[in-house]
Amino acid sequence: MADENERTVNVSGRGQVAVPPDLGHIRASVVHQERTPEGAMSVANRAVNQVLEALAAAGIARDDITLGRYSVSSVSDYVDGRRVDRGYRIAHALSITVREIDRTGEVLAIAVNAGANEINGVTFSVEDPTPHTDRARELAFENARHKAAELARLADVNLGQVISIRETTYEPVPVEHFERSAKLMMAVEAPSPVPIDPEESEFSVTVDVTWALV
């Protein structure tokens, strides 16, 4: 730690790296309504199995498919002020990771055609962020050092040793391609499917560095 009489300079540096994502993520659900819970479960389970089989045939590894929330709810409405039971609704969510990112639209269509009748979103991410964060950190430190060296030159002094470094890292959240299920379903069912073109993922690092001045 520097003593109170030691001359120092403190600067912030920022480094940013933008890279294309290499993973696609599809969030979908199989949703069915029948008169009885047993009937709804039977239809939904059969549809989920059809989706799994179709994805396997398309080369999607089982480890890249996660079966998620499973819900059963009664459905009713009111007619002339009286409640009328309409049956039971089953919703079974699944998440699909697409490692060949260019096939994300294709895999989405396969899942829908096989029985996934509700699409909750498509996102994109970078599988291994470490090298990109490392590069952003290098750029941030170079930026800080350049600023400190310029300030030292203007003050007619030299940079000494580094006294302290503090880092803040910002990693991108998965990039959402569409906001609403309806838009996704329209894209899949359109005569000419809308191409999925994900934005780049940005990795950012900020460093606060203190140098001694000599």
Report summary line: For A116, the lone unmet condition from (1) surrounded by 16 or more Cβ atoms within 10 Å (Cβ to Cβ); (2) in the same structural domain as A18 (by TED's automatic domain parsing); (3) of a type in the set (A, V, I, L, M, F, W, C) is (2)
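Any residue in the stretch 30-37 that is in contact with a helix residue (DSSP H, G or I) (Cβ under 7 Å, 6 or more places away or on another chain), in the same structural domain as G121 (by TED's automatic domain parsing) and among the acidic types (D, E)?
First, the residues of the stretch 30-37 that are in contact with a helix residue (DSSP H, G or I) (Cβ under 7 Å, 6 or more places away or on another chain): 30, 32-34.
From what's left, in the same structural domain as G121 (by TED's automatic domain parsing): 30, 32-34.
Next, from what is left, pick out any that are among the acidic types (D, E): 34.
The answer is yes; a qualifying residue exists.
Among the candidates A61, A54, which residue alone is more than 20 Å from G39 (Cα to Cα) and touching a helix residue (DSSP H, G or I) at 6+ places or on another chain (Cβ under 6 Å)? Talk me through it step by step, then tell me what you get.
Numbers: A61 fails: touching a helix residue (DSSP H, G or I) at 6+ places or on another chain (Cβ under 6 Å).
Only one candidate qualifies: A54.
Results for (1) closer than 25 Å to E199 by Cα; (2) at pLDDT below 95, shown as yes or no for each residue.
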site	(1), (2)
P20	yes, yes
G24	yes, yes
H32	no, yes
P37	no, yes
M41	no, yes
V48	no, no
A54	no, no
I60	yes, no
Query raised in the report: So is A93 assigned to a strand (DSSP E or B), closer than 30 Å to P198 by Cβ, among the small types (G, A, S) and at pLDDT 95 or above or not?
Result: yes
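Could you list, in sequence order, all residues of the stretch 76-94 that are among the charged types (D, E, K, R) and either outside the structural domain of T36 (by TED's automatic domain parsing) or at positive phi (or both)?
Here is the first cut: in the stretch 76-94, the ones among the charged types (D, E, K, R) are 77, 80, 82-83, 85-86, 89.
Across the stretch 76-94, the qualifying residue is only D80.
Please enumerate the residues belonging to the stretch 122-137 that are in contact (Cβ under 8 Å) with a residue 60 or more places away in the chain and either over 18 Å from S201 (Cβ atoms) or among the β-branched types (V, I, T) (or both). Don't jump to the end; show me each part of the working.
Of the stretch 122-137, the ones in contact (Cβ under 8 Å) with a residue 60 or more places away in the chain are 122-127, 129, 132-133, 135-137.
Matches in the stretch 122-137: V122, T123, V126, T133.
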Report task. Could you tell me whether A155 is farther than 30 Å from A109 by Cβ and surrounded by fewer than 18 Cβ atoms within 10 Å (Cβ to Cβ)? Result -> yes
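Taking the stretch 32-61 on its own, how many of its residues are farther than 17 Å from E100 by Cα and assigned to a helix (DSSP H, G or I)?
So the answer is 17.
Conditions (1) at pLDDT 95 or above; (2) on the phi < 0 side of the Ramachandran plot; (3) assigned to a strand (DSSP E or B), marked per residue:
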{"position": "E138", "(1), (2), (3)": "yes, yes, no"}
{"position": "S192", "(1), (2), (3)": "no, yes, no"}
{"position": "P195", "(1), (2), (3)": "no, yes, no"}
{"position": "T206", "(1), (2), (3)": "yes, yes, yes"}
{"position": "A212", "(1), (2), (3)": "yes, yes, yes"}
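Hey, does the stretch 5-18 have a residue that's assigned by TED's automatic domain parsing to the domain that holds T206, farther than 30 Å from Q161 by Cβ and aliphatic (A, V, I, L, M)? Give the steps one after another, and end with the answer.
Step one: of the stretch 5-18, the residues assigned by TED's automatic domain parsing to the domain that holds T206 are 5-18.
Remaining after also requiring farther than 30 Å from Q161 by Cβ: 18.
Of the ones still in play, those that are also aliphatic (A, V, I, L, M) are 18.
Yes, because at least one residue in the stretch 5-18 is assigned by TED's automatic domain parsing to the domain that holds T206, farther than 30 Å from Q161 by Cβ and aliphatic (A, V, I, L, M).
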Requested in this report: Write out, first by first residue and then by second, each pair whose Cβ atoms fall under 9 Å of each other, whose residues are 6+ apart or on separate chains, and whose first residue, in the stretch 189-206, is closer than 13 Å to P20 by Cα and surrounded by fewer than 19 Cβ atoms within 10 Å (Cβ to Cβ) while the second is modelled with pLDDT of 55 or more and β-branched (V, I, T).
Outcome: E199/V175; E200/V19; E200/V175; E202/V17; E202/V19
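Looking at the structure I just gave you, is Y88 of a type outside the set (K, R), part of a strand (DSSP E or B) and surrounded by 17 or more Cβ atoms within 10 Å (Cβ to Cβ)?
Values: of a type outside the set (K, R): yes; part of a strand (DSSP E or B): yes; surrounded by 17 or more Cβ atoms within 10 Å (Cβ to Cβ): yes.
Yes, satisfied.
The values are calculated or read from the model by the stated rules, or taken from the named source; none is laboratory data. Nothing here was measured: the structure is a model prediction, and the numbers come from that model. Every residue, glycine among them, receives a Cβ derived from its backbone with ideal geometry; neighbour counts consider all protein chains shown.
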